[in-house]
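Peer 1: After the structure tokens below, expect a handful of questions from me.
The values are calculated or read from the model by the stated rules, or taken from the named source; none is laboratory data. Everything numeric here is computed off the predicted structure, so don't read it as measured data. Cβ sites come from the backbone with ideal geometry, for glycine too, and all protein chains shown count toward neighbours. Each accessible area value is taken on the protein alone, full model and side chains, heavy atoms only, with ligands, DNA and RNA left out. Shrake-Rupley method; radii C 1.70, N 1.55, O 1.52, S 1.80 Å.
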Protein chains: 2
Amino acid sequence: MILDVAGEASAQDLRANLVRVAARLFYAEGLRTVGVDRVASEAGVAKATLYRYFANKDDLILACLEQRQADVMASMRATVERAPATALDRVGVLFLELGHLAMQPGFRGCPFLLAMTEYPQDDRIAELTRQHKRATRALFATAIGAEKDPTGNLAGVVAILYEGASVLASVEGSTRPLTLALRNVENLLRAAAID
Amino acid sequence: MILDVAGEASAQDLRANLVRVAARLFYAEGLRTVGVDRVASEAGVAKATLYRYFANKDDLILACLEQRQADVMASMRATVERAPATALDRVGVLFLELGHLAMQPGFRGCPFLLAMTEYPQDDRIAELTRQHKRATRALFATAIGAEKDPTGNLAGVVAILYEGASVLASVEGSTRPLTLALRNVENLLRAAAID
DNA sequence: CTGTGCTAAGACCGATCTGTCTTGTTCGGG
DNA sequence: CCCGAACAAGACAGATCGGTCTTAGCACAG
């Protein structure tokens, strides 16, 4: 395995592709609905190969969530850094980005919450979810600026609005909760004399 | 069946008890985790009896959600009517009531969202969930007062805060998001010069 | 050329779940 | 007193799913 022929998947590509395919199916149809046969088939891989890279289905699910966590946080951080003008802009683009996701068909809200709901007894999923929510709130805190919000309460409220708008947008199949939440965030930041 | 012996369950009691037991198990452990054998066993009835009152598991789940909808709305309406002083009080007690629920062990957030997550393809569950969220927002609207909030945007934001705080409280296992959301609702109502 | 390791394809096993059916029992009404 | 309906208990069938194993093909190293 010194050289990989172009177009052929290396072991890492194979694993990464499995995670990508599984994450898409799991999110779209649910963790319990989608079986490992389906994941292997749609990834163009034998089931035994899947089990060479993942000890069991739980590990595959965990790998999907960890990948999602890395992707989402990288995307959010990039979004914030792309609009560095004011705190209001930095927070606003995050809501707009979520609005973009919510407009796509098949939007079902936060994948971590979905996983936690389908596996209520799984401690690792619960811990990953807590970690994801902490990281999101921390991102809001840095977007607002620690000096403008020393207690972090403002970031906390923004995180609550973000979460609630995401849930209601997925239920209603509309972005209206997101625009309503964003308008409220703007009022909040202005009222706090931030930008 | 003119007279029911005291202590014996009539047909309606039997059905109602099945719904009660099923709803408790489904909420605590998940719809797919809990099987019909388990429900029948814990309700003290035979599986065939369960299938005499419900055509299949889906119907049992639907019955649980409909019962939950009736109970939750009755409870919330009673809560609002018990604190009729000001709009701030009426909305506040709803958050406090949710805080009371969130403090109990096993709190997992809104049962409708859990059901929708576990059965993403079920249209009846999705419709019941939308209906529940509409009713909740309408309750906030009446608690605030239509004349104070003609567009309903204020009630919409309160509903978003309510939803987000519920989700984050269940993830963090803490009532802090709820108190934070409540404080923000108070500020919102005051800023709108409502009570 | 030969052997080794990874792969696809799919058979296979055991566990679990939904839904039905059987059997025996109890109880209330005519 | 007796019949029929409802019940508990549990066997049963059919399907699904997670996970293992077998077989055969293929690429690459020596």
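Peer 1: Residue by residue through region B:59-66, which ³J(HN,Hα) values in whole Hz follow from phi under the Karplus form 6.51 cos²θ - 1.76 cosθ + 1.60 (θ = phi - 60°), with glycine and proline marked x?
Peer 2: Each residue of region B:59-66 in turn: 5, 5, 4, 4, 4, 4, 5, 5 Hz.
Peer 1: May I pose another question? Helix B:176-191 sits at what angle to the longest principal axis of chain B, using alpha carbons and giving 0 to 90 degrees rounded to 10?
Peer 2: That helix lies at roughly 40 degrees to the long axis.
Peer 1: Would you mind giving the mean number of other chain beta-carbons within 10 Å of the Cβ of each residue in A:151-162, as a whole number?
Peer 2: If you average over the peptide's residues, the count of other-chain Cβ atoms is 5.
Peer 1: Let me ask something else. Over chain B, what is the relative contact order in whole percent, taking alpha-carbon pairs under 8 Å and six or more residues apart?
Peer 2: Over chain B, the number comes to 20 percent.
Peer 1: Determine the shielding of peptide B:164-176 by partner chains: average, over its residues, the number of Cβ atoms on other chains within 10 angstrom of each Cβ.
Peer 2: That works out to 5 on average.
Peer 1: Right, next: Report, by chain and number, residues whose modeled amide H sits under 5 Å from the one on B:THR33, excluding near sequence neighbours (fewer than 5 apart, same chain).
Peer 2: Long-range HN contacts for B:THR33: none found.
Peer 1: How far, in whole Å, is the nearest Cβ of chain B from the axis relating it by rotation to chain A, and which residue carries it?
Peer 2: Closest Cβ on chain B to the axis mapping it onto A, in Å: B:GLY164, 1.
Peer 1: Separate question: Find every distance from the label point of A:PRO105 to the corresponding label point in the other copies (7 Å from Cα along Cα→Cβ) and write them in nm, one decimal, shortest first.
Peer 2: Copy-to-copy label distances for A:PRO105: 4.6 nm.
Peer 1: Can you tell me the 0 to 90 degree angle between the C-alpha axis of helix A:87-103 and the longest principal axis of chain A, rounded to 10?
Peer 2: Helix A:87-103 sits roughly 40 degrees off the main axis of chain A.
Peer 1: Also: Can you find, among B:ALA138, B:GLY152, B:LEU65, the residue sitting farthest towards the positive end of the charge dipole of region B:58-191, where Lys and Arg contribute +1 and Asp and Glu -1 at Cβ?
Peer 2: With unit charges placed on the Cβ atoms, the residue in question is B:GLY152.
Peer 1: Give me the 1.4 Å probe accessible area per residue for the protein assembly as shown, excluding ligands and nucleic acids, in Å².
Peer 2: In whole numbers, the protein assembly as shown has 49 Å² accessible per residue.
Peer 1: Using the eigenvalues of the Cα gyration tensor, what equivalent ellipsoid semi-axes result for region B:58-191 when each is taken as the square root of five times the eigenvalue, whole Å, largest first?
Peer 2: The answer is 25, 17, 13 Å, longest axis first.
Peer 1: Please report, for A:ALA146, the nm distances (one decimal) from its label point, 7 Å out from Cα along the beta-carbon direction, to the equivalent points in the remaining copies, shortest first.
Peer 2: 5.0
Peer 1: Evaluate Rg over Rh across region B:94-169, taking Cα atoms for both radii and Kirkwood's formula for Rh.
Peer 2: 1.01
Peer 1: Compute for chains B and A the buried accessible surface, both sides summed, probe 1.4 Å, and express it in Å² to the nearest 100.
Peer 2: Roughly 3000 Å².
Peer 1: Each residue of region A:118-125 in turn: what ³J(HN,Hα) in whole Hz from Karplus with 6.51, -1.76, 1.60 and θ = phi - 60°, glycine and Pro shown as x?
Peer 2: Taking θ as phi minus 60°, the curve returns 7, 10, x, 8, 7, 5, 5, 5 Hz for region A:118-125.
Peer 1: Using the Karplus curve 6.51 cos²θ - 1.76 cosθ + 1.60 with θ = phi - 60°, what ³J(HN,Hα) values do you get for each residue of region B:69-82, in whole Hz, with x for Gly and Pro?
Peer 2: 4, 4, 5, 4, 5, 4, 5, 5, 4, 5, 4, 5, 6, 7
Peer 1: Here's another thing I want to ask about it. Given the -39500 (n - 2.57) contribution per DSSP H run of 4+ residues, what per-residue ellipticity at 222 nm results for chain A, rounded to the nearest 500 deg cm²/dmol?
Peer 2: After summing the helix terms and dividing by residue count, I get -24500 deg cm²/dmol.
Peer 1: Treating each Cα of region A:8-54 as an identical point scatterer and ignoring solvent, apply the Debye formula and state log10 I(q)/I(0) at q = 0.16, 0.24, 0.31 Å⁻¹.
Peer 2: Taking Cα atoms of region A:8-54 as identical point scatterers yields -0.37, -0.81, -1.22.
Peer 1: A further question follows. May I ask you to list the lysines whose Cα is less than 28 Å away from that of B:LYS57, ignoring any residue fewer than eight positions away on the same chain?
Peer 2: A:LYS57, B:LYS47, B:LYS133
Peer 1: I would also like to ask the following. What average count of beta carbons from other chains do you get within 10 Å of the Cβ of residues in A:108-117?
Peer 2: Average neighbour count from other chains, rounded to a whole number: 4.
Peer 1: Give me the percent of the accessible area of the protein assembly as shown that comes from carbon and sulfur atoms, probe 1.4 Å, all protein chains in place.
Peer 2: 54
Peer 1: Something else: For A:ALA28, place a label point 7 Å from Cα along the Cα-to-Cβ direction in every copy; what are the distances to the other copies, in nm, shortest first?
Peer 2: 3.7
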